[in-house]
Amino acid sequence: MLEKYAKDKWFQTAILSSGTGISMEFMHYLVAHQSFDHSDKTAFLTTFAHAIAARNEPGELIDLLTLSAQLDKKYQAAVSKALPQA
């Protein structure tokens, strides 16, 4: 579903509202399966990063930053844009 509707805000909300959609395990799955190589998921990643940042769990933030470092620069920028600036 994410492959086809990554840019659609309604589908982003639906995915992120699910039990696994807002988990770092889900993000690890997407990266491991090279889901970011097949279609532009910048908007989804920004929304995901906002949700992770809002939870304010340091371990999740570190995990997200570490994982995003493995992605293309545009996705790294999407994550950075979503996180609070110090």
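Each reported figure results from applying straightforward, stated rules to the coordinates on display, with no laboratory input. For clarity, every value in this text was computed on a predicted model and none was experimentally measured. In this analysis, Cβ positions are derived from the backbone assuming ideal geometry, glycine residues included, and neighbour counts consider all displayed protein chains.
Label zone of His28 (point 7 Å out along Cα→Cβ, amide N under 12 Å): in the range 66-86 this covers 67.
Panel order for Thr46, Thr66, by other beta carbons found within 10 Å of each beta carbon, from fewest to most: Thr66, Thr46.
Extension gain, Ser39 to Ala69, is 9.0 nm, computed as 0.36 nm per intervening residue step minus the present C-alpha separation. Plugging the Kirkwood radius over Cα pairs into Stokes-Einstein for the range 7-82, at a temperature of 37 °C and a viscosity of 0.692 mPa s, what D comes out in µm²/s? In µm²/s, the coefficient is 267. Working note: Karplus 6.51/-1.76/1.60 with θ = phi - 60° gives the range 49-56 the couplings 5, 4, 5, 5, 4, 5, 6, 6 Hz, where Gly and Pro are set to x. Counting beta carbons within 10 Å around each of Ile62, Ile15 and listing the fewest first gives the order Ile62, Ile15.
His28 sits among other residues whose Cβ lies under 13 Å from its own Cβ, and their net charge, with Lys and Arg +1 and Asp and Glu -1, is -3.
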